[in-house]
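**Q** The structure is given below, and queries will be raised subsequently.
The values are calculated or read from the model by the stated rules, or taken from the named source; none is laboratory data. Keep in mind it's a predicted model, so treat the numbers as computed, not measured. Cβ atoms come from the backbone with ideal geometry, glycine included; neighbour counts cover every protein chain shown. Just so you know, the surface numbers come from the protein's heavy atoms only, side chains and all, with ligands and any DNA or RNA stripped out. Shrake-Rupley method; radii C 1.70, N 1.55, O 1.52, S 1.80 Å.
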Amino acid sequence: MSNTLYDALIAPHATSEQVFLECDDGTVLSYGGYVRRVAQMAHVLVNAGVAPGDRVFVQAPKVSDTIALYGAAIQAGAVYLPVNTAYTLSELSYFIQDAQPRAIICDPKDEAAMAQICGRQGVTILTLGPDGTGSLATAADAAEDTFKTVARGPDDLAALLYTSGTTGRSKGAMLSHKNLLSNAISLADLWEITDQDRLIHALPIFHTHGLFVALNTCLLVGARVRFMAAFNGDEVLKELPKSTLMMGVPTFYTRLLDDPRLTRDLCAEMRLFVSGSAPLLADTHTEFARRTGHRILERYGMTETNMSTSNPYEGDRVAGTVGYALPGVEVVITDPDTGAPVAAGDIGMIEVRGDNVFQGYWNMPEKTAEELRDTGFFITGDLGVQSDDGRISIVGRQKDLIISGGYNIYPKEIEELINNVDGVLESAVFGVPHPDFGESVLAAVILEQGASVTPDAIAAQVEPLLARFKHPRRYILCDALPRNTMGKVQKNVLRDTYNGSGAAPE
Ligand code: MLC
Ligand code: AMP
């Protein structure tokens, strides 16, 4: 039976004893062991009623069985749907209603609440705790370690990843086997990743960066992965001398630079540092090169497109640019109003086409039509400029989005909650520079005449509904919001006015 992703990423390792994952507690999972665990998990999913095409909803800690679960969903022909472990029940219930998963895997501490959200027939809930125990592991331990792979072709869905919408509800980006595999092949080839590499993996595994960019490339070539439950500067510094490769968001690099133990000697075995998911400041790039001798390789992508551009492995890695379109990927810069290509050197909308580009938004044909042209080009919402030789720099975003520590935060979602508070007339949520997270969230709030609601009271109502990383660091009561002549709130004016307040105490 042919299964595009399984055949490329997992099946070839069936008899390999090469190390795959090295976990925090010292446990080591070989590639062959991974293949067997994937098969056991696939049995568990099928026994839970998962049929080909069904969604497997995963809000689970970063442990090796979570990676086995990803492989199992692929082998069973299902659609893997991971979500941020920081999401609250209120955020989760929308995803679950929208995606209608057949199986849900969650931390044992959330099982009862998850069952309450589901409240309908036909969903099986399995548990997986931070120590690796739970009903998923128990069932897998008892299952056979071979499984008859379900056939899946290049255009079948492999994953559904939710990205918040600039307007309205979150959108599930449908990613096919071909989308994921083509990108893994391009990146492994371009960045020269081989089975001789050892990757420091400190990213979360519910987003494109940690799950697909980092793990699919390693699986493709059989590289070793030092699998950390979360980013921990001390631990990363300890692993650098034994590793060759790291992928991170800019916050990883600024945090490492803050530590005097980061030296050229410590990085002597390292081959490549990759950054993405948020802009890497040119200063960070330059300072990192001065301290370690390594020029961080910056690349650009998003949930809907996987990776689209990369600085070269050989050749100039230019600070403040995201390099060239990947092989097989087309990038054009267009006039945001007309969609016509602009001249080299002019700022415009970044549009992307290629096997990397997703299949559309789950259950949202209108949204898909708005952002994915008939020609196959996806309108990213990022503003960029392209040099004569094709090098791309991102200069801003047309979409109203804050990126904090590599996590996307959509102001609209927070504004709607603030506006629902009694006594609030309107609000504007915006990002300001933050030394650690790149950007942090502030909220400007206008009260109704005569209302006396306090920032604390607003926070008390809004924050239980939102993941911690989305919480505004300050609620600023204002008399009016700055608006342009069209009546649109000028967030750039708010950003300039409150620049410097991002790291202030709440
Ligand atoms: C944690 N907190 C954050 C935060 N992460 N707040 C804002 N932004 C964030 N990103 C909160 C914590 O809940 C905590 O709350 C407080 O901030 C301090 O926590 P910390 O211990 O300092 O943070 P830490 O746990 O170390 O996490 C920071 C981080 C993490 C940067 C290591 O956020 C991270 O791993 N980010 C990577 C995100 C990522 O993978 N993005 C890829 C998306 S894919 P309290 O209660 O203590 O105040 C994509 C496509 C592409 O974008 O191109 O790759
Ligand atoms: P997400 O929707 O979580 O996948 O986030 C994707 C967004 O992150 C992109 O649309 C960009 O705005 C941003 N992004 C990713 N990589 C970079 C980068 N190297 N530089 C600047 N922004 C980036």
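**Q** Over all directions, what mean area does the Cα convex hull of region 31-161 project, stated in square nanometres?
**A** Values: hull surface 30.1 nm².
Orientation-averaged projected area of the Cα hull: 7.5 nm².
**Q** Then there is this: If you wrap a convex hull around the C-alpha atoms of region 114-167 and split its volume per residue, what is the figure in Å³?
**A** Working: hull volume 11.1 nm³, N = 54.
In region 114-167, the Cα convex hull volume per residue is 206 Å³.
**Q** Let me ask something else about it. Probe 1.4 Å, all protein chains in place: accessible area of Leu256 in Å², nearest 10?
**A** 0
**Q** Which value in Å does the Kirkwood hydrodynamic radius of region 156-278 take, with 1/r averaged over all unlike C-alpha pairs and then inverted? Each step should come with its number before you reach the end.
**A** Working: mean 1/r = 0.0646 Å⁻¹.
15.5 Å is the Kirkwood radius here.
**Q** Determine by what factor the alpha-carbon radius of gyration of region 261-420 differs from 2.2 N^0.38 Å, reporting the quotient.
**A** 1.16
**Q** Please list, in chain and number order, the residues 5+ apart from Ser404 or on another chain whose amide H is under 5 Å from its amide H, with Hs placed from the backbone.
**A** Ile409
**Q** Hey, another quick one. Mind grabbing the base-10 log of I(q)/I(0) for region 142-214 at q = 0.11, 0.12, 0.22, 0.26 Å⁻¹? Debye formula, identical points on the C-alpha positions, no solvent, two decimal places.
**A** Log10 I(q)/I(0), no solvent term: -0.43, -0.50, -1.12, -1.17.
**Q** Further question: Kirkwood hydrodynamic radius (Cα pairs, Å) of region 197-240?
**A** Working: mean 1/r = 0.0941 Å⁻¹.
The answer is 10.6 Å.
**Q** Under 12 Å from the Cβ of Tyr407, count the other residues' Cβ atoms, weight Lys and Arg +1, Asp and Glu -1, and hand me the total. Before the final figure, lay out the partial values.
**A** Values: positive: Arg468, Lys470; negative: Glu439.
Summing Lys/Arg as +1 and Asp/Glu as -1 gives +1.
**Q** Treating only the Cβ of Lys, Arg, Asp and Glu as charged (+1, +1, -1, -1), what charge dipole size does region 324-375 show about its Cα centre? Round to the nearest 20 debye.
**A** Values: 3 positive and 10 negative charges, 32 e Å.
Charge dipole, region 324-375, about its Cα centre: 160 debye, nearest 20.
**Q** Something else now. Let me see the pair-distance distribution of region 249-331: every alpha carbon pair, 5 Å bin width, integer percents in order.
**A** Histogramming region 249-331 at 5 Å steps yields 3, 15, 26, 24, 17, 9, 5, 2, 0 percent.
**Q** Amide H to amide H, which residues 5 or more places from Gly301 or on other chains are under 5 Å from it, using H placed in the peptide plane?
**A** Under 5 Å from the amide H of Gly301 lie the amide H atoms of Ser277, Ser308, each far enough along the sequence or on another chain.
**Q** Using every pair of alpha-carbon atoms in region 443-506, split the distances into 10 Å bins beginning at 0 and state the percent of pairs per bin, rounded to integers.
**A** 18, 45, 34, 3
**Q** Residue by residue, what Karplus-based ³J(HN,Hα) values in Hz, rounded to whole numbers, does region 387-394 have, using 6.51, -1.76 and 1.60 with θ = phi - 60° and x for Gly and Pro?
**A** Karplus-based 3J(HN,Hα) across region 387-394 equals 7, 4, 8, x, 6, 10, 10, 8 Hz.
**Q** Next question, about the same structure. If the cut-off is a Cα-Cα distance under 15 Å, which aspartates and glutamates reach Lys491, setting aside same-chain residues fewer than 8 apart in sequence?
**A** Asp400, Glu415, Glu426, Glu439
**Q** Let me ask another. Quick one: compute a quarter of the convex hull surface over the Cα atoms of the chain and quote it in nm². Show your work: numbers first, answer last.
**A** Details: hull surface 94.7 nm².
That works out to 23.7 nm².
**Q** If you roll a 1.4 Å probe over the heavy atoms of the protein chains, what accessible area per residue do you get for region 231-349, in Å²?
**A** Details: 4940 Å² over 119 residues.
For region 231-349, the solvent-accessible area averages 42 Å² per residue.
**Q** In terms of modelled amide H atoms, which long-range or inter-chain residues lie less than 5 Å from the amide H of Ser164?
**A** Lys171
**Q** Using a 1.4 Å probe on the protein heavy atoms, what percent of the accessible area of the chain belongs to carbon and sulfur?
**A** In the chain, the share of accessible area belonging to carbon and sulfur is 50 percent.
**Q** Let me ask you something else. Enumerate the calculated ³J(HN,Hα) couplings along region 427-442 in order (Karplus 6.51 cos²θ - 1.76 cosθ + 1.60, θ = phi - 60°), each rounded to whole Hz, writing x wherever the residue is Gly or Pro.
**A** 8, 9, 9, 8, x, 10, x, 9, x, 9, 8, x, 9, 9, 9, 10
**Q** Among DSSP bridges having both ends in the chain, what percentage is antiparallel? Round to the nearest 5. Write down the numbers at each step before the final one.
**A** Details: 48 of 82 bridges.
In the chain, DSSP labels about 60 percent of beta bridges as antiparallel.
**Q** Let me ask something else. Starting from the Cα of Lys171, draw a straight line to each of the lysines and keep only those under 20 Å, dropping any in the same chain fewer than 8 residues away.
**A** Within reach: Lys367, Lys399, Lys412, Lys470.
**Q** Now, a different point. State whether region 1-90 is rounded, prolate or oblate according to the following rule on the C-alpha gyration tensor (a ≥ b ≥ c being the square roots of its eigenvalues): a/c under 1.5 gives rounded; otherwise a/b larger than b/c gives prolate, and the remaining case gives oblate. It would help to have the intermediate numbers written out before the result.
**A** Numbers: a/c = 2.18, a/b = 1.14, b/c = 1.91.
Cα axes put region 1-90 in the oblate bin.
**Q** Could you report region 365-506's accessible area per residue, 1.4 Å probe, as an integer in Å²? Mind showing how you got there, number by number?
**A** On the way: 7090 Å² over 142 residues.
Per-residue value: 50 Å².
**Q** Among Ile117, Ile418, what's the order by accessible area (1.4 angstrom probe), most exposed first?
**A** Ile117, Ile418
**Q** May I have the extent of the alpha carbons of region 391-486 along their three principal axes, as whole Å values ordered from largest to smallest?
**A** For region 391-486, the Cα spread along each principal axis is 54, 35, 21 Å.
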